[in-house]
Amino acid sequence: MCNDGLITTATNLKRNSRYLHVITWGCQMNVYDSNRMMDLLRPLGYHVTEDAGIADILILNTCHIRDKATEKVFSELGRLKQIKDARAQEGQSTLIAVAGCVAQAEGEEVLRRAPFVDIVLGPQTYHRLPEMIAKMHRKNGQLIDTDFPVESKFDYLPAPEQTNGYTAFLTIQEGCDKFCSFCVVPYTRGAEESRPVNSIIAEAKQLCELGIKEITLLGQNVNAYHGEGPDGKSWNLAQLAEKLSTIPGLIRIRYTTSHPRDMNDSLIAAHRDLPTLMPFLHLPVQSGSDRVLQAMNRGHTADDYRHLIDKLRKARPDIALSSDFIVGHPGETAEDFKETMRLVNDITFAQAYSFKYSPRSGTVAAVSVRQVAESEKDARLQELQAVLKLQQETFNRQTLGREIPVLFTHKGRKSGQIAGRSPYLQAIHIDGPDNLIGFEASIKVNELLTHSLSGTLIKEQRTS
Ligand code: SAH
Ligand code: SF4
Ligand code: F3S
């Protein structure tokens, strides 16, 4: 799941303070990393601001997953350079840092083409950011740190001190050893590594003490989680989720992104048995053609996926399913694409993301001579997205008239409205009192809008 938009975070502005502005692109793991970089710099006196123009440090946290990632970075850096130059004219210095997956993959190139960039740091080394900033203040020049260090950054990150509300991300697993033919992640994020259970529990407790009610556990292969448990044995995701469920105040747990190969029976059973585990699963399948799945090195067939979904639906009949699809992977024929459409029609998704295959240098698929024509990719994407959109509407329509618990997290767009998410991750708003924000309450869904649902409160009583 990717967010190519711009996410910024602000706290209160204070005069004569030092300011930090972070721009985040990419997946939820980048959002988590950006928050952790803010946590690292707050103790050094940096206040987070939404206004790039007043920032002493500008961090661009980048994504490398699809086309033009690098060009997009250079174009944004051009904008940041203007800010740096304008501030320099007023005698103020500005430090520009490029972080994330483009930094990891093309750090040297970034420094070469953008000499005004001060620091380049990869996803596994940002715990060294304070040290790098101190070094930069002592000497001029450029610093790059895109190691895959032996130490884990998690051992060096401070406990979170601030949150943006009632929901939070928590990275429990990083990296990937699966090497799908099309994907840069194993190269940018490094080898798969799970955090120990105790360190995750400590972070989750801290988040809940700050008022968090819903945690989304993150990992590139989150369901491959196998961290060291308090008993010294390896724990899986189901065990971890069960333990997290005992934390006071934590009423909702989600996890993303999962791989079909790691969807084991204990996790499926947890969807049946754990009320805190939300009935929503993002399980990317990429293609419905066995030939393409094999070329992609996904390690499962389309029927394996169908059987998994059958088991999940037996365990939790109302589970909402989400997925990722790639159309036009090298070698994908019209027949293969039909198989994808057949799978989509067999499963029916509550929502899904779909992309045109984008060649990424360094990956196996990029050098295939069987690249699919752009016009063909466009046509396939359009056909797929039309069906996925209908399926999403159908799913949402099924919730009309139903009573659903909503975790209210913020005010709605119109005055008097409050908004939040259903267990199925649908955006819902109602006319209701502000004092329900931060709580779960039951509503009746009565209207289907383009990107959300609306309803009415049926119980004044909070359920959390
Ligand atoms: N770990 C997750 C996916 C991470 S990347 C998984 O295994 O499913 C998020 C999504 O981006 C992928 O699921 C895939 O659909 C898409 N993606 C990755 N590389 C891509 C590429 N080269 N071209 C197009 N889409 C890509
Ligand atoms: Fe990329 Fe495949 Fe790893 Fe997912 S499982 S991160 S798609 S290589
Ligand atoms: Fe992008 Fe890196 Fe996430 S490439 S999708 S930011 S792991």
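The values are calculated or read from the model by the stated rules, or taken from the named source; none is laboratory data. Remember, it's a predicted structure, so these values are computed and weren't measured experimentally. No Cβ is skipped: glycine too gets one built from the backbone with ideal geometry, and neighbour counts run over all protein chains shown. These accessible areas exclude ligands, DNA and RNA; they are computed on the full protein's heavy atoms, side chains included. Shrake-Rupley method; radii C 1.70, N 1.55, O 1.52, S 1.80 Å.
No other residue among ARG397, ARG360 is basic (Lys, Arg) and surrounded by fewer than 16 Cβ atoms within 10 Å (Cβ to Cβ) apart from ARG397. Is it the case that some residue within the stretch 152-171 is in contact (Cβ under 8 Å) with a residue 40 or more places away in the chain, within 16 Å of ligand 2 (Cβ to nearest atom), within 23 Å of the chain's Cα centre (by Cα) and more than 30 Å from ILE201 (Cβ to Cβ)? No, the stretch 152-171 contains no residue that is in contact (Cβ under 8 Å) with a residue 40 or more places away in the chain, within 16 Å of ligand 2 (Cβ to nearest atom), within 23 Å of the chain's Cα centre (by Cα) and more than 30 Å from ILE201 (Cβ to Cβ). A count restricted to the stretch 97-124 and to residues that are open to solvent by 10 Å² or more (accessible area, probe 1.4 Å) and within 16 Å of ligand 1 (Cβ to nearest atom) stands at 4. Report every pair of residues separated by at least 6 positions or lying on different chains whose Cβ atoms are under 7 Å apart, first residue within the stretch 344-368 and over 17 Å from ILE326 (Cβ atoms), second open to solvent by less than 10 Å² (accessible area, probe 1.4 Å) and more than 15 Å from ligand 3 (Cβ to nearest atom). Partner pairs satisfying both residue conditions: ALA350/ALA320; ALA350/LEU321; ALA350/SER322. Restricting to the stretch 221-266, name every residue that is open to solvent by 20 Å² or more (accessible area, probe 1.4 Å), more than 16 Å from ligand 1 (Cβ to nearest atom) and β-branched (Val, Ile, Thr). The answer is THR246, ILE251. Pairs are defined by a Cβ separation below 6 Å, a sequence spacing of at least 6 or placement on different chains, a first member in the stretch 91-105 that is under 19 Å from GLY78 (Cβ atoms) and assigned by TED's automatic domain parsing to the domain that holds LEU58, and a second member that is open to solvent by 30 Å² or more (accessible area, probe 1.4 Å) and near ligand 3 (Cβ under 8 Å from one of its atoms); no pair meets this definition. Counting only helices (runs of 4 or more DSSP H) wholly contained in the stretch 233-336, the ones carrying 2 or more residues that are within 16 Å of ligand 2 (Cβ to nearest atom) occupy 290-295, 302-315. Can you say whether ARG360 is more than 28 Å from PRO423 (Cβ to Cβ) and within 11 Å of ligand 1 (Cβ to nearest atom), as far as the supplied structure shows? When the stated conditions are applied, ARG360 passes them.
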